[in-house]
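Where a number appears in this text, it was derived from the coordinates with a stated rule and is not lab data. Nothing here was measured: the structure is a model prediction, and the numbers come from that model. Cβ placement follows ideal geometry from the backbone for every residue including glycine, while neighbour counts extend to all protein chains displayed.
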Amino acid sequence: MIHHLSIAAHNPEHVAGVIAEIMGGTVVPFPPNPGSFFALQMDEHGSGVEVHPAGLELQPANEVGAGFAKGEPHGFSAVHFALSVATDGDKVAEIAAREGWRCYTCNRGPFHVIEVWLENETMVEVLPPEYASEYLAFTRPDQVRAAMAAAAANRDHARQRH
């Protein structure tokens, strides 16, 4: 289980506040790195998203832990995450529209997500309850193994034809 993760934003406090709103949680400052904020879902798992200033890099330090270093913002990246929330999909879309952020309801095949593009750069796949149920049904170990085996067989079959 992933309990928390870190992302970067141009306005960390605002983005953390919006994430907390979507989660139905709260936002607090992140003392180890001034200017960073922690959106907490306030659930039994300690789920949260640290939001740091754009360009921040984590760098290895020593046995005390990683250090923070300021770099240049990069814009789009491969970083994204799926976030199950109690908030309904219409409310998620309303919040994204209010912020002026791209928001799309997407069919990933075995499950749906709502892509919310934080500051129109970082994607979070929001899973309201009905989408979270689809996701959890698909990601059961037996389902994932079967889907991956089928995908590998299809890939091998396609290679043999070429």
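Using a 10 Å cut-off around each Cβ, can you sort THR87, THR122, THR105 from fewest to most neighbouring Cβ atoms? Please list the in-between numbers first.
On the way: THR87 18, THR122 21, THR105 13.
So the ranking, lowest neighbour count to highest, is THR105, THR87, THR122.
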Please report, in debye to the nearest 20, how large the charge dipole of the chain is about its Cα centre when each Lys and Arg carries +1 at its beta carbon and each Asp and Glu carries -1 there. 700 debye
Out of SER77, SER133, SER36, any idea which swings most in a Gaussian network model of the chain, alpha carbons joined below 10 Å? SER77
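Starting from the Cα coordinates of the chain, work out the convex hull volume and express it per residue in Å³.
Details: hull volume 27.3 nm³, N = 162.
So the per-residue hull volume is 169 Å³.
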Mean separation of Cα contacts under 8 Å (at least 6 apart) over the residue count of segment 4-161, i.e. the relative contact order in percent, is 17 percent
Within 10 Å, at most 13 other Cβ atoms, and a DSSP state outside H, G, I, E, B define an exposed site. Report the longest part of the chain free of exposed GluC sites (Glu not before Pro). 64-162
Using a Gaussian network for the chain with springs between C-alpha atoms less than 10 Å apart, which of these wobbles most: LEU127, LEU136, LEU56? LEU136
Farthest towards the positive end of the dipole of the chain, among ALA86, PRO129, GLY35 and with Cβ unit charges of +1 on Lys and Arg and -1 on Asp and Glu, lies the Cα of PRO129
Which residue, PRO110, PRO12, PRO29, has the most motion in a Gaussian network model of the chain that connects Cα atoms within less than 10 Å? PRO110
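Work out how much length ARG108 to SER6 would gain on full extension: take 0.36 nm times their residue separation and subtract the Cα-Cα distance, in nm to one decimal. Present the calculation step by step, with values, prior to reporting the outcome.
Values: separation 102, 0.36 × 102 = 36.72 nm, distance 2.42 nm.
Stretched fully, the ARG108-SER6 segment lengthens by 34.3 nm.
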Hey, what angle do you get for helix 141-161 against the long axis of the chain, alpha-carbon based, 0 to 90 degrees rounded to 10? 60 degrees
Could you give me the ³J(HN,Hα) list for segment 83-93, computed from phi with Karplus coefficients 6.51, -1.76, 1.60 and θ = phi - 60°, whole Hz, x at Gly and Pro? 10, 6, 9, 8, 5, 7, x, 4, 5, 4, 4
